[in-house]
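Structure first, then comments.
The values are calculated or read from the model by the stated rules, or taken from the named source; none is laboratory data. If you're wondering where the values come from, they're calculated on a predicted model, not measured in any experiment. Cβ: placed from backbone, ideal geometry, glycine included. Neighbour counts: every protein chain shown. Side chains are part of the model used for accessible areas, which takes the heavy atoms of the whole protein and leaves out ligands, DNA and RNA. Shrake-Rupley method; radii C 1.70, N 1.55, O 1.52, S 1.80 Å.
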Amino acid sequence: MLNRFRLEFLSRSENVRLARVTVAAFAAQLDPTLEEIDELKGAVSEAVTNAIIHGYGNSPDGVVVVEGILFGDAIEVCVEDAGKGIQDVARATEPEHSGDPERLGLGFSFMKTFMDEVKVESAPGQGTRVIMRKQLATRH
Amino acid sequence: MVEFEKTGDVLVAALKGEIDLHVAAPLREALDRAIEGLAFRHLVIDFRGVTFIDSTGLGVLLGRYRRVAGAGGTVAVTGLSSAVRRVVELSGLLRVTKEFGSRAEAVAVLEGGGAGA
């Protein structure tokens, strides 16, 4: 492990950007491409938005934790909430499974497109932890 | 977040900045107000000022697409940078809208009544 950070913030929509920018700045240590940075920001945005909307039902008083770890030329990002948890993880991570007709239900699809691996640990009442990993084609 | 410009019966919605959960509700309200308050038929979404958009932002746009298309109008997009294009493509919005190289071109074609160009 080369480096690690941990960021905690309230489940407020203005903090989604904070999470994106923090992970991007952290990943910059490995000199990724602009496209890789955009993909990381996209994946983080989806995971944090899910924590706020689904984990905490849009309550602004929950705590979201974002952790990043650099391993060689890969980054692992973990987004965790202590919210309501997911009953059926497999079904929840399928596209178009969204309670809201205006949210596309594509959050997990986008995460899986942008990252190499996405793991979800969750159970009802036990919060949710999304662990994502991406190999970066660093230019070192 | 969004600026509007109307030419004939074409409304241009020029998006600006980062379109995520934080601006989703105000953006939805602004677009719905424009849809209800202004007499227009076709909508051009100009992405030139967008620096970031995720599935939440795209959900708002897809919802407005359905409203305009449902009323018989055409929705077009323009100003997609390569980063924004990828996400817009993944959302499926490009499958149901026409893309133009510029706002002016989009407006001219839609105003001319042509959904085909």
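Given the criteria more than 10 Å from chain B (Cβ to nearest Cβ) and either within 13 Å of the chain's Cα centre (by Cα) or closer than 15 Å to A:Glu67 by Cβ (or both), does A:Arg20 qualify? No: the conditions fail for A:Arg20. Hey, any hits in the range A:82-89 for a residue that's open to solvent by 20 Å² or more (accessible area, probe 1.4 Å), more than 16 Å from the chain's Cα centre (by Cα) and modelled with pLDDT under 85? Within the range A:82-89, none of the residues are open to solvent by 20 Å² or more (accessible area, probe 1.4 Å), more than 16 Å from the chain's Cα centre (by Cα) and modelled with pLDDT under 85.
Annotation note: of A:Ala90, A:Ala82, the sole residue that is farther than 21 Å from B:Leu21 by Cβ and either within 14 Å of chain B (Cβ to nearest Cβ) or not acidic (Asp, Glu) (or both) is A:Ala90. The set of residues in the range A:51-79 that are open to solvent by less than 20 Å² (accessible area, probe 1.4 Å), out of contact with any Cys (no Cβ under 9 Å at 6 or more places or on another chain) and closer than 19 Å to A:Lys119 by Cα comprises A:Ala51, A:Ile52, A:Gly55, A:Val64, A:Leu70, A:Ala74, A:Ile75, A:Val77, A:Cys78, A:Val79. For the range A:43-52, does any single residue satisfy the condition of being within 26 Å of A:Asn3 (Cβ to Cβ), charged (D, E, K, R), at the interface with chain B (Cβ under 10 Å from one of its Cβ atoms) and in contact (Cβ under 8 Å) with a residue 24 or more places away in the chain? Yes, there is a match, as at least one residue in the range A:43-52 is within 26 Å of A:Asn3 (Cβ to Cβ), charged (D, E, K, R), at the interface with chain B (Cβ under 10 Å from one of its Cβ atoms) and in contact (Cβ under 8 Å) with a residue 24 or more places away in the chain. Only one of A:Glu39, A:Glu94, A:Glu14, A:Glu46 is among the charged types (D, E, K, R), under 23 Å from B:Leu62 (Cα atoms) and open to solvent by less than 10 Å² (accessible area, probe 1.4 Å). Can you tell me which? Step by step, each of A:Glu39, A:Glu94, A:Glu14, A:Glu46 is checked, and only A:Glu46 is among the charged types (D, E, K, R), under 23 Å from B:Leu62 (Cα atoms) and open to solvent by less than 10 Å² (accessible area, probe 1.4 Å).
Selection of first residues in the range B:84-106 that are touching a residue at least 60 places away in the same chain (Cβ under 8 Å) and of second residues that are polar (S, T, N, Q) and surrounded by 17 or more Cβ atoms within 10 Å (Cβ to Cβ), restricted to Cβ pairs under 7 Å at least 6 apart or on distinct chains, gives the following pairs, ordered by first then second residue: B:Arg103/B:Thr78; B:Ala106/B:Thr78. In this structure, A:Ala25 does satisfy being away from every other protein chain (no Cβ under 14 Å), without any contact (Cβ under 8 Å) to a residue 40 or more places away in the chain, surrounded by fewer than 14 Cβ atoms within 10 Å (Cβ to Cβ) and over 17 Å from A:Ser109 (Cβ atoms). When the strands (runs of 3 or more DSSP E) confined to the range B:1-107 are screened for residues that are open to solvent by 10 Å² or more (accessible area, probe 1.4 Å), those reaching at least 2 such residues are found at B:2-7, B:10-19, B:42-53, B:98-100.
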